[in-house]
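Encoded as structure tokens, the structure appears first; notes follow it.
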Amino acid sequence: MTGAIHQFVESYGLFAVFLGCLAEGESAAVLAGFFAHQNIFVPWQAFAVTFFGAFLGDALFFLVGRAFADHRVVANIKARPGFDRAFQLVQKHPAKYVILNRYIYGFRLVGGIAAGLSNIQVPKFLVLNTVASLVWAAIFLTIGYVFGLGAEQMIGDALHNHHRIVIGLVIGLAVALMGGFAAHHFSRRAARRG
């Protein structure tokens, strides 16, 4: 069973990381770092896929806000808790906002749409998004790599067989659950304030 999972991760894992990084992506990036440490992914490929996924995800959200400002989907996103605050922040501090938005778990879609609706110029957004995506990819890949190093030291030889896939998936699930809990907590807090 773990052999089939291992083969699947080797064959399609980088594509899954790319898709995961298009959305929120923290757990996908952490998994990419872990699997890079375990030599399942080539480190530079894991970094490239994580970076491009993050960059394209934010760019797409920005372009949706910019090009479809009057669409029903954008109107629904504008009605979400926290959107007004995000829009105020991007108008007031566009550079800081674009760089830091991706670190607020559960807020990336809303934040990208808010940036697209703001008066920030497209070239400026693209440069800031490039810098932000590079830093973000480096941070979360490093976290995953360190998890891999720590797991290897704690578990030892078990990571030399297919168990590393299961451990990696557990780490990814834990990161996703923690992020989801944090997003839910902050969303409820924003709803109470708004």
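Things worth noting here:
- Prolate/oblate/rounded call for the stretch 105-145, Cα gyration tensor, a/c under 1.5 rounded: oblate
- When you filter the chymotrypsin sites (Phe, Trp or Tyr not before Pro) in the stretch 37-146 for DSSP loop state and at most 15 other Cβ atoms inside 10 Å of their Cβ, you are left with F68.
- 15 Å reach of a label modelled at L63, 7 Å along Cα-to-Cβ, counting backbone N of the stretch 8-50: 22-23
- Treating each Cα of the stretch 47-101 as one equal point scatterer and applying the Debye formula with no solvent, the log10 of I(q)/I(0) at q = 0.12, 0.22 Å⁻¹ comes out as -0.33, -0.98.
- Diffusion of the stretch 29-133 by Stokes-Einstein, at 20 °C in a medium of 1.002 mPa s and with Rh set to the Kirkwood radius over alpha-carbon pairs, works out to 149 µm²/s.
Readers should treat all values here as calculations from the given coordinates under stated rules, not as data from a laboratory. All values reported here derive from a predicted model rather than from experimental measurement. Note that each Cβ is placed from the backbone with ideal geometry, even for glycine, and that neighbours are counted across all protein chains shown.
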